[in-house]
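**Q** Please find one structure pasted underneath; my questions will follow.
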Amino acid sequence: MKLVVIGAQWGDEGKGKMVDYLAEDADLVVRFSGGANAGHTIKVGDQTFKLHLVPAGIIYPGKTVALGNGMVIDPESLFQELAGIKEQGVNWEGRVFISDRAHLVLPSYKQEDQNMESKRARPIGTTGRGIGVAYSRKADRDGIRVADLWDSVVWDSMKEEDRKWIQPYKNLLKDMKVNMAGFMMKNKDKQVLLEGAQGALLDLDHGTYPYVSSGISTCSGAALGAAIGPKHIDKALGVFKAYQTRVGNGPFPTEMLAEGSELDLGNQLRELGHEYGTTTGRPRRIGYLDLVALKYAGWVNSLDGYILSHLNLYDGFDKIEVCVAYEIDGVETIDFPSSTVDLDKVKPVLKALPGWEGKVGEARCWDDIPEAAKAVVKFIEEYTDVPVVGYSVGPLRDETFMKEPAWIKS
Ligand code: IMP
């Protein structure tokens, strides 16, 4: 079976933690897009792992992981990350594979990324990791892929400083590189987890363009970025938080910006949820859960189910407000607009749902969830027409549970 997990908002929904949880029943975990702009935090016991490039399944001894052709890879960051997890006791040798069609991020791309950003009329708030430059080079057909390091024409055309920089990683990459299509074919009968990065609203096509990342972070990217056809994807799950966050610039229709209690709520959720970027440390912008955007994410990903995280942050609150429509120039809509001009004009139509007694944070199965919190979930399911099949109610592995099994046993 092939199971895809994507972010259904602007990234940072808790995908890394969910992939780690679901990886227990996977044989292979493949990351299909993005680069070291992503940050996945996984807590196991008293250890915290911060991953940027390596798929989250690596923490389990013996699991195989692969970095797909849809990714852009900075080898220096990759091997630093691998050295870091090794120090934390994870033996990764022999278990990490890399598509030889994945593009490389060269050191000069990072500076170029930042220079481009400084010249933009609409700065994106890029992480500055050279990701956009690597994807642009790929589309320009001037990129350098892992396989190209053994192509003498490409090698000779590279700048001396880039050749020197990559030389120490070349042999390591040689041992890890695979022809992804053949590799996936060999694993065709295995349980394969396809791990997304960023989120649907940061997707190059479906996100809030131009305030997006440059990879394909929706489910379609899972097939493309892992060298399989779309009909081989069996199930797609989207992770979302009970509120909305965004790092970097761009429209945010439900952002908590008004003075007074709204701003206080935003600040409170930021502290309770430790909403600071894993990659950049930037404070994340906070907003009300946006069901218009969530429904849209369900559509563009053909989601079979959602996984809801951070609902426990509302434990003890008297209500939870969610956005059920956008008002633009006095007209209400439930369609997610394409234009940033329209998105910037949105006045969110909020619906207040009652809070609950008891603690979602202490729930370990659906039956443990307080009734009023269950009513919130049912409201979301009815609005989006997608069931919520799993829950993350805290940072630890055992603070996670499924209402319906994620894996279909093969
Ligand atoms: P870039 O991909 O680094 O160029 O950044 C483009 C936009 O996507 C910026 O607003 C970033 O903050 C955002 N972004 C990129 N990766 C992530 C992520 O993993 N989580 C959340 N936001 C991200």
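**Q** Among the lysines, select those whose C-alpha is under 17 Å from the C-alpha of residue 43, and discard any that sit fewer than 8 residues away in the same chain.
**A** Counting by Cα, and skipping residues close in sequence, residue 43 has these lysines nearby: 15, 17, 86.
**Q** Further question on the same structure: Any idea how far the Cα center of segment 231-263 sits from the one of segment 305-372, in Å?
**A** So the two Cα centres are separated by 10 Å.
**Q** From the helices alone, meaning DSSP H stretches of at least four residues, give me the mean residue ellipticity at 222 nm for the chain, per-run term -39500 (n - 2.57), in deg cm²/dmol to the nearest 500. Could the numbers behind the result be given before it?
**A** Numbers: 12 runs with 123 residues, N = 410.
My calculation for the chain gives -9000 deg cm²/dmol from helical runs alone.
**Q** Here's another thing I want to ask about it. If you wrap a convex hull around the C-alpha atoms of segment 281-410 and split its volume per residue, what is the figure in Å³? Each step should come with its number before you reach the end.
**A** Details: hull volume 19.3 nm³, N = 130.
So the per-residue Cα hull volume is 149 Å³.
**Q** Can I ask one more? Just add up the charged neighbours of residue 99: K/R +1, D/E -1, any other residue whose Cβ is under 12 Å from the Cβ of residue 99.
**A** On the way: positive: 31, 101, 145, 177; negative: 100.
Here the charged neighbours net out to +3.
**Q** For residue 302, what is the net charge nearby, where nearby means another residue's Cβ is under 15 Å from its Cβ and Lys, Arg count +1, Asp, Glu -1? Before the final figure, lay out each step's value.
**A** Details: positive: 2, 231, 235, 295; negative: 203, 205, 234, 304, 385.
My count for the surroundings of residue 302 gives -1.
**Q** Let me ask something else about it. Can you quote the Å³ per residue value for the convex hull of the Cα atoms in segment 18-67, rounded to an integer?
**A** Details: hull volume 3.4 nm³, N = 50.
Expressed per residue, the convex hull around the Cα atoms of segment 18-67 is 69 Å³.
**Q** Taking GluC sites (Glu not before Pro) as candidate sites, keep only those in a DSSP loop with at most 14 other Cβ atoms within 10 Å, then name the longest stretch of the chain containing none of them.
**A** 94-258
**Q** Another one. List every residue whose amide H lies under 5 Å from the amide H of residue 320, counting only residues 5 or more places away in sequence or on a different chain, with H placed 1.01 Å from N in the peptide plane.
**A** Amide H neighbours of residue 320: 353, 355.
**Q** Right, next: Residue by residue, what Karplus-based ³J(HN,Hα) values in Hz, rounded to whole numbers, does segment 40-56 have, using 6.51, -1.76 and 1.60 with θ = phi - 60° and x for Gly and Pro?
**A** Going residue by residue, I get 10, 9, 10, 10, 10, x, 9, 9, 10, 10, 10, 10, 10, 10, 6, x, 4 Hz, with x marking Gly and Pro.
**Q** Would you mind checking the pairs 188/378; 110/190; 110/177 and listing those with alpha carbons more than 32 angstrom apart? List each step's numbers first, then the result.
**A** Numbers: 188/378 36 Å; 110/190 37 Å; 110/177 24 Å.
Listed pairs above 32 Å: 188/378; 110/190.
**Q** Turning to a different aspect of this structure: Which cross-chain or sequence-distant (5 or more) residues have an amide H under 5 Å from the amide H of residue 277, H modelled 1.01 Å from N in plane?
**A** Distant-sequence amide H within range of residue 277: 282, 284.
**Q** Further question on the same structure: Using θ = phi - 60° and the Karplus relation 6.51 cos²θ - 1.76 cosθ + 1.60, list the HN-Hα couplings for segment 398-403 in order, rounded to whole Hz, with x at every Gly or Pro.
**A** With the stated coefficients, segment 398-403 comes to 7, 9, 9, 7, 9, 8 Hz.
**Q** I would also like to ask the following. Enter the per residue convex hull volume of segment 142-208, computed from alpha-carbon coordinates, in Å³ rounded to the nearest integer.
**A** Numbers: hull volume 11.1 nm³, N = 67.
Dividing the Cα hull volume of segment 142-208 by its residues yields 165 Å³.
**Q** Show the residues, 5+ positions off or on another chain, whose built amide H is closer than 5 Å to the amide H of residue 194.
**A** Residues meeting the amide H criterion: 3, 4, 5, 30.
**Q** Compute the long axis of helix 160-176 from its Cα atoms, compare it with the longest principal axis of the Cα atoms of the chain, and write down the angle in degrees, 0 to 90, nearest 10.
**A** That helix lies at roughly 80 degrees to the long axis.
**Q** Largest first and in whole Å, what are the equivalent-ellipsoid semi-axes of segment 2-237 based on the Cα gyration tensor, each being the root of 5 times an eigenvalue?
**A** Numbers: eigenvalues 126, 93, 63 Å².
Values for segment 2-237, descending: 25, 22, 18 Å.
**Q** Separate question: Compactness ratio of segment 87-208: Cα Rg over 2.2 N^0.38 Å, N = residue count? Please report the intermediate quantities before stating the final value.
**A** On the way: Rg = 17.0 Å, N = 122, 2.2 N^0.38 = 13.7 Å.
For segment 87-208, the normalised Cα radius of gyration is 1.24.
**Q** Find how many whole Å separate the alpha carbon centroid of segment 124-164 from the alpha carbon centroid of segment 53-100.
**A** Computed from Cα coordinates, the inter-centre distance equals 20 Å.
**Q** Work out the charge dipole of the chain with +1 on the Cβ of Lys and Arg and -1 on the Cβ of Asp and Glu about the Cα centre, then indicate which of 178, 220, 38 is farthest towards its positive end.
**A** With unit charges placed on the Cβ atoms, the residue in question is 178.
**Q** Taking the Cα centre of the chain as origin, sum charge times position over the Cβ atoms of Lys and Arg (+1) and Asp and Glu (-1), and report the length of that vector in debye to the nearest 20.
**A** Working: 48 positive and 58 negative charges, 259 e Å.
Its charge dipole is roughly 1240 debye.
**Q** Nearest 10 degrees is fine. How inclined is helix 291-301 to the longest principal axis of the chain, computing both from alpha carbons?
**A** Taking Cα atoms only, the helix is inclined about 40 degrees.
**Q** Across segment 16-29, in residue order, what do the Karplus-derived ³J(HN,Hα) couplings come to in whole Hz, using 6.51 cos²θ - 1.76 cosθ + 1.60 with θ = phi - 60° and x for Gly and Pro?
**A** 3J(HN,Hα) across segment 16-29, in whole Hz: x, 4, 5, 5, 4, 5, 6, 5, 4, 9, 9, 8, 9, 10.
**Q** Where does segment 214-256 land on the Kirkwood hydrodynamic radius, alpha-carbon pairs, in angstrom?
**A** On the way: mean 1/r = 0.0765 Å⁻¹.
Averaging 1/r across every pair of different Cα atoms and inverting gives 13.1 Å.
**Q** A follow-up question, please. Return the equivalent ellipsoid semi-axes of the chain as a descending list in whole Å, where each equals the square root of 5 times an eigenvalue of the C-alpha gyration tensor. Mind showing how you got there, number by number?
**A** Working: eigenvalues 244, 123, 70 Å².
Equivalent ellipsoid semi-axes, largest first: 35, 25, 19 Å.
**Q** Sticking with this one: Count charges around residue 268 for me, please; just the other residues with Cβ under 12 Å from its Cβ, Lys/Arg as +1, Asp/Glu as -1.
**A** Values: positive: 270; negative: 262, 264, 271, 275.
In short, -3.
**Q** Considering the dipole of the chain built from charges on the beta carbon (Lys and Arg +1, Asp and Glu -1) around the Cα centre, which of 261, 352, 402 is farthest to its positive end?
**A** Of 261, 352, 402, it is 402.
Each reported figure results from applying straightforward, stated rules to the coordinates on display, with no laboratory input. Predicted, not measured: the structure shown is a model, and the values here were computed from it. Note that we place each Cβ from the backbone using ideal geometry, even for glycine, and neighbour counts take in every protein chain shown.
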